[in-house]
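Asks: My questions will all concern the structure given below.
The values are calculated or read from the model by the stated rules, or taken from the named source; none is laboratory data. Fair warning: this is a prediction, and the values are worked out from it, not measured in the lab. Cβ coordinates were reconstructed from backbone atoms using ideal geometry, including for glycine residues, and neighbour counts include every protein chain displayed.
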Amino acid sequence: MKRRQVMRGLALASLIPFGLRRAWADAAVGPLALLVAGPVGEQTSRWGNACALAMQSSFPGAPSIVTQPIGGLDGVTGANRLDALVVPDGKTAAILPGAALIAWLTGDSRVHFDPTRWVPVMAGCNSGVLVVNLPAGADANLESLRALAPLKLAADEPQSNDLAALLALGRLGVASAPVFGLRDMDAKMRAFVAGEVNAVFVCGEGVPEDIAPLTAAGGVPVFSLGSLDAGANVVADPLFPDLPDVTAFGDAVTPLLDAAYRAAAVAARVDFLLVLPKLTDPDAVTQWELAADAAMTDAALSAAASASSIVLQPAPTVVAALNALSLPAADQAGLQAFLAKNFGWQPS
């Protein structure tokens, strides 16, 4: 443990009331656990291991944080386990992919959890950018998109990060004809180069790298999902500061889709989410938050985030993100009706 970390820990401890220090000490007896919503060795698992290593030295006694992978890539099984079986004693947190939020948002029948009630600790957020093959000389604006309608969008399925792009276009009044079944960026790139589609929504890790070959093939970035700050304001994506976000790109032609789009944008921007179960003791929450704040300055975790084009976000910003997921009944119904009418899609 580095000297500056020891000094920082001692300085923080001197400012903490005795009762809180006692609660932290009690919570730190034995190893802590991090429930990983995803298979061993996959993306969420790798972030879980990295976060556990970066955080554990900030807890009293520097206990090990044992990772516990469970379930599939979309995180639904792990999220269900978090809500149903994890005791809110401060000893177990969970790390989940943004795909679990999309499954909840679209009404997947497997979902038995409510992410709006989780206690956020930190998150890793990615970018989302729509790249379009515009006619020669056309500007990257709303009129140009409408002139191309229906926009042939390379897409996986509605229950994926592409949901944000589908809702963004619907909100803007741009008709789309998505080509579904293109599961990854390689498939989408091939379809774009072959002229089978004229738009690709690039979202996830390594977005700048994935955009480069699309622009080389004639693609033009037209808008991003932006980013969310702690005040729940949509701001420019730090990796694409000159690109307008969807709300700045154009007003909502279909107001009923506005809240649904904002919720889907939050879900698509979340690469991984580290949370505690609902009703966790506030003292334990504070310790996890402090450990997460320290982890975000850890050299190894910061390097991994930078290499993946991921922006690490603290608890207050994640709170704002989860609040945006909570849709009124009318907006939830509007989302389901939009997907069914336009794409013939129903939740599984």
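Asks: Given the conditions (1) in a helix (DSSP H, G or I); (2) buried (at least 24 other Cβ atoms within 10 Å of the Cβ); (3) among the polar types (S, T, N, Q), report the number of the one that THR247 does not fulfil.
Replies: So THR247 meets the others, but not (2).
Asks: Out of GLU196, GLU205, which single residue is under 30 Å from VAL319 (Cβ atoms) and either modelled with pLDDT of 95 or more or out of contact with any helix residue (DSSP H, G or I) (no Cβ under 7 Å at 6 or more places or on another chain) (or both)?
Replies: GLU205
Asks: Then there's this: If I filter the stretch 140-152 for residues that are more than 24 Å from ALA304 (Cβ to Cβ), in a strand (DSSP E or B) and not basic (Lys, Arg), do I get at least one hit?
Replies: For the stretch 140-152, residues more than 24 Å from ALA304 (Cβ to Cβ), in a strand (DSSP E or B) and not basic (Lys, Arg): present.
Asks: Separate question: Give ALA259, ALA252, ALA248 a once-over and let me know the one that is under 18 Å from the mean Cα position of the chain (by Cα), within 27 Å of ALA330 (Cβ to Cβ) and among the small types (Gly, Ala, Ser).
Replies: The conditions single out ALA259.
Asks: If I ask for residues that are in a loop (DSSP other than H, G, I, E, B) and either assigned by TED's automatic domain parsing to the domain that holds LEU312 or surrounded by fewer than 14 Cβ atoms within 10 Å (Cβ to Cβ) (or both), which ones from the stretch 233-244 would you list?
Replies: Correct list: ASN233, PRO238, PRO241, ASP242.
Asks: For the stretch 85-100, which positions are over 15 Å from VAL36 (Cα atoms) and either among the hydrophobic types (A, V, I, L, M, F, W, C) or part of a strand (DSSP E or B) (or both)?
Replies: Once the filter is applied, which keeps residues that are over 15 Å from VAL36 (Cα atoms) and either among the hydrophobic types (A, V, I, L, M, F, W, C) or part of a strand (DSSP E or B) (or both), the stretch 85-100 yields only VAL87.
Asks: Looking only at helices (runs of 4 or more DSSP H) that fall completely inside the stretch 275-348, which ones have 3 or more residues that are assigned by TED's automatic domain parsing to the domain that holds TRP104, small (Gly, Ala, Ser) and free of Cβ contacts under 8 Å to residues at least 24 places away in the same chain?
Replies: Ranges flagged: 299-307.
Asks: Okay, moving on. If you scan the stretch 19-55, which residues turn out to be more than 23 Å from ALA84 (Cα to Cα), modelled with pLDDT under 95 and assigned to a helix (DSSP H, G or I)?
Replies: Selection gives GLY19, LEU20, ARG21, ARG22, ALA23, TRP24, ALA25, ASP26.
Asks: Restricting to the stretch 102-127, give me the number of residues that are within 20 Å of VAL235 (Cβ to Cβ) and in contact with a Pro (Cβ under 9 Å, 6 or more places away or on another chain).
Replies: Within the stretch 102-127, residues that are within 20 Å of VAL235 (Cβ to Cβ) and in contact with a Pro (Cβ under 9 Å, 6 or more places away or on another chain) number 4.
Asks: Tell me, please, whether a residue that is within 22 Å of ALA263 (Cβ to Cβ), surrounded by fewer than 22 Cβ atoms within 10 Å (Cβ to Cβ) and of a type in the set (Asp, Glu) can be found in the stretch 126-149.
Replies: no
Asks: Just to be sure, is TRP118 in the same structural domain as ASP293 (by TED's automatic domain parsing) and in contact with a strand residue (DSSP E or B) (Cβ under 6 Å, 6 or more places away or on another chain)?
Replies: Considered against the rule, which asks whether it is in the same structural domain as ASP293 (by TED's automatic domain parsing) and in contact with a strand residue (DSSP E or B) (Cβ under 6 Å, 6 or more places away or on another chain), TRP118 comes out as yes.
Asks: Just name the residue that is nearest to LEU257 (Cα to Cα) out of those in the stretch 162-219 that are of a type in the set (A, V, I, L, M, F, W, C) and in contact with a Ser or Thr (Cβ under 6 Å, 6 or more places away or on another chain).
Replies: Going through the qualifying residues, I end up with LEU169.
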